[in-house]
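Beneath this line is the structure, given in structure tokens, with notes to follow.
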Amino acid sequence: MQAYQEALPEVHDLGAELIAISPQTPDHSLSQQEKENLSFKLLSDTKGEIAEKYNILFEVPTVIKEIYQGFGLDLTEYNAVDKWILPVPGLYIINQNGFIQFAEVEVDYTKRVGPKKIIDELKKI
């Protein structure tokens, strides 16, 4: 998240805003925002309604759920929802008219669109 924070001035110079959406509760999101000193908005989608509208919501497979629980992680508590659901990480650049100008979704959560790619795509708009 810090790399996105560092790119924020250039994002703003291009007339854009950066908003992150997380399945975490508002308290967990705020804690992360404060811990990482982020100045962009970090919104909560605890019920997965936004992720579902973008068709990127999935139910965590039982084998993964068991691994998470083995590490003491309970998504139902962390995300305040009674289902083990998560969004597939995605990035959307939405223009001022509400149209998606760029989209990238990656099932491997460790691979994210970097700030340079975001800035390059913003320059195309």
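The values are calculated or read from the model by the stated rules, or taken from the named source; none is laboratory data. If you're wondering where the values come from, they're calculated on a predicted model, not measured in any experiment. Glycine also receives a Cβ, built like all others from the backbone with ideal geometry; neighbour counts cover every protein chain displayed.
What to note about this one:
- Checked against the criterion of being under 12 Å from the mean Cα position of the chain (by Cα) and β-branched (Val, Ile, Thr), region 82-90 has at least one qualifying residue.
- So LYS111, is it basic (Lys, Arg) and under 14 Å from the mean Cα position of the chain (by Cα): yes
- Taking region 61-107 as the range and being over 29 Å from ILE119 (Cα atoms), assigned to a loop (DSSP other than H, G, I, E, B) and out of contact with any Leu (no Cβ under 6 Å at 6 or more places or on another chain) as the test, the residues that pass are PRO61, PHE71, GLY72, LEU73, ASP74, ASN79, ALA80, VAL81, ASP82, LYS83.
- There is no residue in region 72-90 that is among the hydroxyl-bearing types (Ser, Thr, Tyr), surrounded by 13 or more Cβ atoms within 10 Å (Cβ to Cβ) and at pLDDT 90 or above.
- Every residue from region 108-125 that is loosely packed, with under 11 Cβ neighbours inside 10 Å, outside any loop (DSSP other than H, G, I, E, B) and of a type in the set (Val, Ile, Thr): none
- Selection within region 19-60: residues that are among the aromatic types (Phe, Trp, Tyr) and part of a loop (DSSP other than H, G, I, E, B). The member of this set that is nearest to VAL107 (Cα to Cα) is TYR54.
Listed here are the residues, each with its yes/no results for (1) in contact (Cβ under 8 Å) with a residue 24 or more places away in the chain; (2) over 30 Å from LYS124 (Cα atoms); (3) in contact with a Ser or Thr (Cβ under 7 Å, 6 or more places away or on another chain); (4) surrounded by fewer than 16 Cβ atoms within 10 Å (Cβ to Cβ).
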| site | (1), (2), (3), (4) |
| --- | --- |
| GLU10 | yes, no, no, yes |
| GLU17 | yes, no, no, yes |
| GLY48 | yes, yes, no, no |
| PHE102 | no, no, no, no |
